[in-house]
Amino acid sequence: MDYITHSFRYGLEIFETQPKFNNLWKEITNTLDNITDDDIINYFQTQKRKAKSISEALNSLIEKELIALNWKNQSPIFNDTKYQKNRWKLDFAKDNISIEVAFNHGEAIAWNLIKPVLASELNHVEKAIQTKAGIIICATESMKKAGGFDSATGTYEKFLRYLIPLNNLLTVPMVIIGLGPPKKFEIKHQKKGNKKIGIIKKLN
């Protein structure tokens, strides 16, 4: 699939040139490169629950690829049991890199950006993991529209706006990855009872 990247605190430059990051970065880019429109369509059409968007399909396809590469999913940041609920977990982590896959509400953008920092900086709470950099995977505005995402979903463009006021709080290198829209299809919404469900519309 197509995607664009934004380098924060030289994240991309570090990932592409430093050996302790380079192989991990290649695993992530290969994961995204290997996800096809057909993969998304097949997952979406075989879901038991009728979904509104392709967010669950994307989450599951990314998860399957990364777990096969020994990335740990739902990795706690801290050892203390008071801080091991979902709020305090990373979507994925391996060695030096934390990953958040962020297709959630725009209000969660700041927290999505802060979690890799918590995982990478020293803390008064005993750590369960120690990374050195972060990656955020999110939808671009064009993907949000084509993929049937909720209007309140935080997008790549909005993540970039948050980097400026949060600059002094975000102390570790990061790369923001914005997923581009599919080329073969788009999601159209159809009312079913009180809910909207997504329907695949193939493109010429």
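The values are calculated or read from the model by the stated rules, or taken from the named source; none is laboratory data. Quick caveat, the model's predicted, so the values are computed rather than measured. No Cβ is skipped: glycine too gets one built from the backbone with ideal geometry, and neighbour counts run over all protein chains shown.
Brief remarks on what is shown
- Test: GLN74 is at pLDDT 95 or above and not aromatic (Phe, Trp, Tyr): yes
- The one condition in (1) in contact with a helix residue (DSSP H, G or I) (Cβ under 7 Å, 6 or more places away or on another chain); (2) more than 30 Å from GLN84 (Cα to Cα); (3) touching a residue at least 60 places away in the same chain (Cβ under 8 Å) that LEU170 fails to fulfil: (2)
- Test for LYS196: is it farther than 27 Å from ALA93 by Cα and in contact with a His (Cβ under 6 Å, 6 or more places away or on another chain): yes
- Lone qualifier among LYS191, LYS196, LYS201, LYS183 - being among the charged types (D, E, K, R), in a loop (DSSP other than H, G, I, E, B) and more than 30 Å from ASN96 (Cα to Cα): LYS183
- Failed item in (1) at positive phi; (2) in contact with an Asp or Glu (Cβ under 6 Å, 6 or more places away or on another chain), with GLY148 passing the rest: (2)
- Matching residues, segment 9-37, being over 18 Å from the mean Cα position of the chain (by Cα) and either under 25 Å from LYS184 (Cα atoms) or surrounded by fewer than 19 Cβ atoms within 10 Å (Cβ to Cβ) (or both): ARG9, TYR10, GLU13, GLU16, THR17, GLN18, PRO19, LYS20, ASN22, ASN23
- Subset tally (residues that are β-branched (Val, Ile, Thr), without any contact (Cβ under 8 Å) to a residue 60 or more places away in the chain and within 17 Å of PHE159 (Cβ to Cβ)) for segment 98-144: 5
- Here ILE54, ILE67, ILE62, ILE41 are screened, and the one residue that is more than 21 Å from ASP91 (Cα to Cα) and either aliphatic (A, V, I, L, M) or within 14 Å of the chain's Cα centre (by Cα) (or both) is ILE41.
- Across segment 4-54, the number of residues qualifying as in contact (Cβ under 8 Å) with a residue 60 or more places away in the chain and closer than 16 Å to LYS201 by Cα comes to 11.
- Residue list for segment 81-97, filter: without any contact (Cβ under 8 Å) to a residue 60 or more places away in the chain and either hydrophobic (A, V, I, L, M, F, W, C) or loosely packed, with under 14 Cβ neighbours inside 10 Å (or both): THR81, LYS82, LYS85, ASN86, ARG87, TRP88, LEU90, PHE92, ALA93
- Checking GLU100, GLU56, GLU126 one by one, the residue that is surrounded by fewer than 20 Cβ atoms within 10 Å (Cβ to Cβ) and either over 23 Å from ILE197 (Cβ atoms) or touching a helix residue (DSSP H, G or I) at 6+ places or on another chain (Cβ under 6 Å) (or both) is GLU126 and no other.
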